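Encoded as structure tokens, the structure appears first; notes follow it.
Derivation of every value follows stated rules applied to the coordinates shown; laboratory data play no part. Everything quoted here is computed from the prediction, not taken from an experiment. Neighbour counts run over all protein chains shown; Cβ positions are idealised from the backbone, glycine included.
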Amino acid sequence: MFRACEDRRKDLVKRHDFSTYACFRAVDELNEGEINIDNMRAFLKKNGHYPTEEELVAVIRRLDMDADGSVSYAEMSEAIKP
């Protein structure tokens with residue numbers, strides 16, 4: 001699974017129409033400067049995914065490098081890089 005994720009990251013950064021900022025802004029619709037469980041849930045629901053609370057916590061924890069409970073643009077950018 002790790003290899004598949006890494007392959008997807010590589011594919012993303014090669015696309016001419018991909019932007020890490022646009023990716024971040026798509027999730028942070030209220031322009032709060034961070035991604036938290038609530039806006040991650042809203043983003044995923046809007047895209048047809050209905051994660052459990054535990055899954056949302058796991059995603060945020062995976063991306064949240066400084067353990068402050070939210071994901072900054074820098075953390076998101078680092079997670080997307082291959």
Response to the item:
From fewest to most C-beta neighbours within 10 Å, the residues Asp7, Asp17, Asp28 line up as Asp17, Asp7, Asp28
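Work out the P(r) tail for the chain: percent of alpha carbon pairs separated by more than 16 Å, whole number.
Working: 1821 of 3321 pairs.
Roughly 55 percent, once rounded to a whole number.
How do Ser72, Ser77 rank when sorted from fewest to most other Cβ atoms within 10 Å of their own Cβ? Could the numbers behind the result be given before it?
On the way: Ser72 18, Ser77 13.
Ranking Ser72, Ser77 by Cβ neighbours within 10 Å, fewest first, gives Ser77, Ser72.
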Worksheet item: Can you tell which of Val13, Val71, Ala26 lies farthest toward the positive end of the dipole of the chain, using +1 and -1 charges on the Cβ of basic and acidic side chains (Lys, Arg; Asp, Glu)?
Response: Val13
Worksheet entry | Other-chain or far-sequence residues with amide H under 5 Å of Ile35's (modelled H) | Val71, Ser72
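Counting other Cβ atoms within 10 Å, keep those with at most 16, restrict to DSSP loop, and tell me which GluC sites (Glu not before Pro) in segment 28-74 are left.
Values: sites: Glu29, Glu32, Glu34, Glu53, Glu54, Glu55; in loops: Glu29, Glu32, Glu34.
Filter output for segment 28-74: Glu29, Glu32.
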Worksheet item: Say each of Asp17 and Ala79 gets a label point 7 Å from the Cα, pointing the same way as Cα to Cβ; how far apart are those two points in nm?
Response: 2.4
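Run through the chain and list the chymotrypsin sites (Phe, Trp or Tyr not before Pro) located in a DSSP loop whose Cβ has at most 15 other Cβ atoms within 10 Å. Walk me through the intermediate numbers first.
Working: sites: Phe2, Phe18, Tyr21, Phe24, Phe43, Tyr73; in loops: Phe18.
Listed in order of number, the matching sites are Phe18.
Rounded to the nearest 500 deg cm²/dmol, what is the calculated helix-only ellipticity per residue at 222 nm for the chain, with -39500 (n - 2.57) per DSSP H run of length n ≥ 4? If you can, show how the numbers build up before the last one.
Details: 5 runs with 50 residues, N = 82.
Taking each H run of at least 4 residues, the total per residue is -18000 deg cm²/dmol.
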Worksheet item: Just for the Cα atoms in segment 1-41, what are the lengths along the principal axes, largest first, rounded to whole Å?
Response: 31, 25, 12
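How much length, in nm to one decimal, is gained on full extension between Phe2 and Asp68, taken as 0.36 nm per residue of separation minus their Cα-Cα distance? Could you put the intermediate results ahead of the total?
Working: separation 66, 0.36 × 66 = 23.76 nm, distance 2.48 nm.
So the chain would gain 21.3 nm between Phe2 and Asp68.
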Worksheet entry | Set of lysines near Lys81 by C-alpha distance (under 17 Å), chain-local residues within fewer than 8 positions excluded | Lys10, Lys14
